[in-house]
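Report on the following structure.
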Amino acid sequence: MNQSVSAKQLRPLVQGLCKKGKYQDASRIVMGFMEKGYVDYDAADLCARLAREGNNIPLAKTLAELAVKMAPKNWRSWQLSYQAHHADAHWAQALKSLNKIAKLSPSINAEHYLAKAEALERLFRPDEALACLAELDALAEKSAETRMWLLKVNILSQQKRYEDVIAVLPPWLETASQDRYVASIWKVLARALDKKGRYEEAFSALTKGNGLQARLEGIETSTNAVRRRIEVFKSLFTPGWLSTWQPVAPASRTPVFLLGFPRSGTTLLEQMLDAHESIQAMEEPPTVSTVMRQAITWMQAKASMSSQAPRGAGWKQQWMDVFNFMGELGDEQIAMLRETYFRVARQEVNLQENTVLVDKMPLNTVDIGIILRLFPDAKFVVALRHPCDCVLSGFMQTFEMNEGMANFLDLESGASFYKHVMKLLWQYQEVFKLDDRMHYVRYEDLLDDFEGETSKILHFMGLEWSESISRYDEHAKARGTLATPSYQGVTQKIYSTSRERWRHYGKWMEPVLPHFREAAERYGYDLTIPPADVL
C-alpha cells in the first residue's frame, strides 16, 4: 500500500486511475488498504466492475475473496463475491453468496430475486426458480419486468413447455419495452417455434431479436477486435517469421486445448471429458485471454521503445508492430506467463497432480499462436460441426455480448467469421506442422458412435475409456458451472434433434453458402439445399 495515500484520498485516486484505464493499478491500491483492514466498497466495486467488463475475472475474484476475508459480516463483501462468481458462471457459489446477502443486508430488492432465480435455473432447480419469481412478481417492480419474463420463459423451455412459451410471449412482446432482455426473449420464442416445426415464424422472431440487439449494442463488425486479430495473425504467422522466434523449453505441465468454432459441440465434449477420472476440464476459463493481455502489455512496451511504426500508421501496421514481438518473448517472460496461466487455472479447478488438464474455449482457435509460444508441445482437440449448423445455431442463441459473439447477429457476418477463423486454423496447422498434434472430431460422428469417437479422443490424450463418460449428463448437472448457451442441452443424454437443422432454413442460408465451401469439401459436409417439400 502506498503510505502517502490516506483513506480519505483513496476513492478519488482510484476513480482517477480507472478513468485513465488503469483499473489494475487501482485494484492493487484498494487491496493494499483491504489488507490493512480498510475496505472502501465504492472503490472496490468500481475496480471489480471494470475487471469484469475487461474479462479479467481472476482480478474480480481476488478483490471479492479479500473483501470476504477481511469483512465477512458485511453484505457488500458477498455482493462482490456474487458478481465475480456470476461472471465466471459458478452458480453454486453465486447462490451461496446471494444467501449470505439475504441474511446480512438490511433490505432485499428486486435485483436479488432476479439473481437468485437465475442461479436456481442454471442449477436446474426450476420449481424453486419459479417460486422466487413469484415472490418478485408480488413486489410489482416494473423495472424488473423484462428480465423476469426472460427467466420465466427460459425455465419453461428447460421444462420443454414450448407451447406455453408460444402462447404467452407474442401478446406480451407487442407492448414490451425494447431492451436487451426483450432481444433475448425473441430468440427464446424462436427456439420454441423451431421445436414445433414453425420455421417461418421462428426465423422472423430471430431476425427481430438479433436486429434489436444489434441496434442496442451499436455493433460494427468492421472494427471488431477478434476479426482484426485474425487479419493480423494471417499476415504474421509464416514459416519465415517463426524461424526468427527465440526457442523456449517445454513446460513441466502442458494442457490439452479443446477448441474449434462456437456452437460446434465443444461444451458437450468438455462435459464428457471432465467426467473421466483422470481429466480436469475447464469450461471457458479466462486463462489464454489473461495471458494474452499480459503478453500484449509487454509487447506494447517493446514496440514503444523500438518506435518502428511510422507516424500516422494505420491500425493494422500498429498491431503488427506490437504482435511482432511475440517471437522475442524469452524464458523469463514465458515463465511469468505460464505462472499466470496456472494461477488462473487454479481459480477454475482444484488442480491435481497426474491429471490431464483440458482447456475448453472455442475461439482460442484464433490464439493458437500464443498458446504454442507458452506450450510448444501442446495438443489440440478440434471440434467440427456442419458449418451451416454452427452459424445458424449462433444466430439462434443468446450470448453475453463480446467481440466474438457480436459476429452472430446476422447470418452473413457469422458465415464470413466462420470462414476467416477456419482459414487461420488451417494456416496454424500448416506453419506449426501440427498434423500429429491435432485431433479432429465431427459432432455428427459423435452422435453416430459416441463410445468410438470418445475413445479416439482419449487415445489421443494417452488415456483409456471409462464408463463414467457415459454418465456425463449426470456429471454436468452436479458441476453447476455451465456458462454457455448449451447448458440445457449437455445435461441431457446425447440427442440428434439439432443435426441438419439448417436445412429447414435453407432459403435464408443459401446466400451465405459460398463462405462454407472450402470447409465443407475439407471435412465432408454437404451444402445441397433440398426442395422444401422434401423436408
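The values are calculated or read from the model by the stated rules, or taken from the named source; none is laboratory data. Just so it is clear, the structure is predicted and the values come from calculations on it, not from any experiment. Counting neighbours? That spans all protein chains shown, and the Cβs are built from the backbone with ideal geometry, glycine included. Heads up: the accessible areas ignore ligands, DNA and RNA and are worked out on the full protein's heavy atoms, side chains in. Shrake-Rupley method; radii C 1.70, N 1.55, O 1.52, S 1.80 Å.
Descriptive notes on the structure:
- Residues being among the basic types (Lys, Arg), in a helix (DSSP H, G or I) and farther than 19 Å from residue 433 by Cβ - total across the range 356-376: 0
- Qualifying residues in the range 290-313 (those that are modelled with pLDDT of 90 or more and over 30 Å from residue 88 (Cβ atoms)) - the one surrounded by the most Cβ atoms within 10 Å (Cβ to Cβ): 303
- Answer residue from the range 333-346, given it is open to solvent by 50 Å² or more (accessible area, probe 1.4 Å) and modelled with pLDDT under 95 and is farthest from residue 227 (Cα to Cα) among those: 346
- For the range 196-210, a residue qualifies if it is within 20 Å of residue 405 (Cα to Cα), touching a residue at least 60 places away in the same chain (Cβ under 8 Å) and open to solvent by 20 Å² or more (accessible area, probe 1.4 Å), and exactly one does: 203.
- Members of the range 86-100 found to be open to solvent by less than 50 Å² (accessible area, probe 1.4 Å), without any contact (Cβ under 8 Å) to a residue 24 or more places away in the chain and not hydroxyl-bearing (Ser, Thr, Tyr), listed by number: 98
- Enumeration of residues in the range 370-388 that are among the small types (Gly, Ala, Ser) and buried (at least 22 other Cβ atoms within 10 Å of the Cβ): 383
- Meets criteria (open to solvent by less than 10 Å² (accessible area, probe 1.4 Å) and not in a helix (DSSP H, G or I)) for residue 351: no
- Remark: pairs (first residue in the range 117-140, without any contact (Cβ under 8 Å) to a residue 24 or more places away in the chain; second residue open to solvent by 50 Å² or more (accessible area, probe 1.4 Å); Cβ separation under 7 Å; 6+ apart in sequence or on different chains) = 132/116; 133/152.
Every residue, every condition in (1) open to solvent by less than 60 Å² (accessible area, probe 1.4 Å); (2) outside any loop (DSSP other than H, G, I, E, B), yes or no:
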position: 38; (1), (2): no, no
position: 42; (1), (2): no, yes
position: 47; (1), (2): yes, yes
position: 51; (1), (2): yes, yes
position: 58; (1), (2): yes, yes
position: 62; (1), (2): yes, yes
position: 66; (1), (2): yes, yes
position: 78; (1), (2): yes, yes
position: 83; (1), (2): yes, yes
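- Leading residue by the ranking (least open to solvent (accessible area, probe 1.4 Å)) among those in the range 101-114 that are in a helix (DSSP H, G or I) and out of contact with any helix residue (DSSP H, G or I) (no Cβ under 6 Å at 6 or more places or on another chain): 112
- Failed item in (1) of a type in the set (A, V, I, L, M); (2) closer than 20 Å to residue 367 by Cβ; (3) under 21 Å from the mean Cα position of the chain (by Cα); (4) part of a loop (DSSP other than H, G, I, E, B), with residue 230 passing the rest: (4)
- Any hit, the range 460-472, residues being in contact with an Asp or Glu (Cβ under 7 Å, 6 or more places away or on another chain), crowded, with 18+ Cβ neighbours inside 10 Å and at pLDDT 75 or above: no
- Of the residues making up the range 214-227, those that are assigned to a helix (DSSP H, G or I), among the aliphatic types (A, V, I, L, M) and surrounded by 13 or more Cβ atoms within 10 Å (Cβ to Cβ) number 3.
- Residues in the range 417-451 that are open to solvent by 20 Å² or more (accessible area, probe 1.4 Å) and part of a helix (DSSP H, G or I): 17 in all.
- Any hit, the range 267-282, residues being surrounded by 15 or more Cβ atoms within 10 Å (Cβ to Cβ) and over 30 Å from residue 354 (Cβ atoms): no
- Index of the failed condition, residue 136 passing every other in (1) under 23 Å from residue 116 (Cα atoms); (2) at pLDDT 90 or above: (2)
- Tally of residues being within 22 Å of the chain's Cα centre (by Cα) and of a type outside the set (Phe, Trp, Tyr) across the range 181-210: 10
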